[in-house]
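Notes to accompany the following structure.
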Amino acid sequence: MNYNSMGEPGKVISKQSEMLYQDDQADAEGDRLNLNKVISPSKAVAIAIHDRNGGYASELKLDKDNGTTYWEVQVHQGKQQVDIKIDAYEGHILETEHDD
């Protein structure tokens, strides 16, 4: 069922679809996340916390950039925050960024 901006049932008054050009379609397929063989969220958090020798994770997201799928884990240790990117398939750390 469809709802209007007031949260009340409504009806669809028009639909539109568009075909992607071949180049755009290839880009869209390249941007898809392949979830096969991705390490689990709990394993990504464990890797990040182990790398920092403790702390706690406050944020976790799965993303893809330049063909690399990675987990980004935000780890806190006291007042320090560290963002750690972990290869989502291999489990090795790609990048560590300290926020001051």
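Starting from the Cα of E95, step 7 Å along the direction of its Cβ; do the same at S40; then give the gap between the two resulting points in nm.
Placing both labels 7 Å along Cα→Cβ, they lie 2.8 nm apart.
Would you mind working out the magnitude of the charge dipole of the range 36-100 relative to its Cα centre, with +1 at each Lys and Arg C-beta and -1 at each Asp and Glu C-beta, to the nearest 20 Debye?
Dipole magnitude for the range 36-100 comes out near 300 debye.
Set Lys and Arg Cβ to +1 and Asp and Glu Cβ to -1, take the dipole of the range 36-100 about its Cα centre, and tell me which of G55, V38, Q74 lies farthest positive.
Result: V38.
Taking every pair of alpha-carbon atoms in the range 36-100, give the share separated by more than 18 Å as a whole percent.
In whole percent, the long-distance tail amounts to 26.
Within the range 35-100, list the trypsin sites (Lys or Arg not before Pro) lying in a DSSP loop whose Cβ has at most 13 other Cβ atoms in a 10 Å radius.
K37, K79
Throughout, read-outs are computed from the coordinates displayed, never taken from laboratory work. If you're wondering where the values come from, they're calculated on a predicted model, not measured in any experiment. Glycine gets a Cβ as well: all are built from the backbone with ideal geometry, and neighbour counts include every protein chain shown.
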